[in-house]
């Protein structure tokens, strides 16, 4: 695997500049003059690049905070604009942009694990009510399942950690949809 130098740090995440460029397109489509097709392609390309690190996810660790900062700050801005008391500053503070951001966060969770990624979210009380309002308003029948990851009434248990009971039957720990 080739190395790349970013700043003064050597890294094995050689696609970092490409991913950061994609994230700029995803988080600010109106500022980058990107068409919806370009944004969709940037989301797909970002997820494809991240998927390459499924076997060695710790290679993303030196850059995970930078990636999440871009995504979480824009998601927070959109959520506070739509559901909080923050006035709009950009015309692209819409649910499609939020969905694209959540798709990238979902991909990071898939590759690096939610326990690692969740530590990089904001932990401020002011974010709770607007975030819950945004999640409540997401359409449960929408095709954008990544935005409602684990909250849909019609989903399979492939995304839950399955364990085996003493009898050998699978059971889901912590699944909100478990019987």
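At-a-glance table
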read-out: Conditions (1) in a helix (DSSP H, G or I); (2) surrounded by 15 or more Cβ atoms within 10 Å (Cβ to Cβ); number of the one not met by residue 53; value: (1)
read-out: Number of the condition not met by residue 87 [criteria: (1) at pLDDT 90 or above; (2) assigned to a loop (DSSP other than H, G, I, E, B)]; value: (1)
read-out: Some residue of the stretch 110-125 being in contact with a helix residue (DSSP H, G or I) (Cβ under 9 Å, 6 or more places away or on another chain), at pLDDT 60 or above, at positive phi and outside any helix (DSSP H, G or I); value: yes
read-out: Test: residue in the stretch 93-106 that is closer than 26 Å to residue 33 by Cβ, modelled with pLDDT under 80, more than 11 Å from the chain's Cα centre (by Cα) and surrounded by 18 or more Cβ atoms within 10 Å (Cβ to Cβ); value: yes
read-out: Which numbered condition residue 33 misses (of (1) modelled with pLDDT of 90 or more; (2) more than 24 Å from residue 137 (Cβ to Cβ); (3) surrounded by fewer than 17 Cβ atoms within 10 Å (Cβ to Cβ); (4) out of contact with any strand residue (DSSP E or B) (no Cβ under 8 Å at 6 or more places or on another chain)); value: (1)
read-out: Failed condition for residue 46, given (1) under 15 Å from residue 105 (Cα atoms); (2) free of Cβ contacts under 8 Å to residues at least 60 places away in the same chain; value: (2)
read-out: Residue identified as closer than 18 Å to residue 23 by Cβ, assigned to a helix (DSSP H, G or I) and in contact with a strand residue (DSSP E or B) (Cβ under 8 Å, 6 or more places away or on another chain) among 63, 99; value: 63
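The values are calculated or read from the model by the stated rules, or taken from the named source; none is laboratory data. Predicted, not measured: the structure shown is a model, and the values here were computed from it. Heads up, the Cβs are rebuilt from the backbone with ideal geometry, glycines too, and the neighbour counts pull from every protein chain shown.
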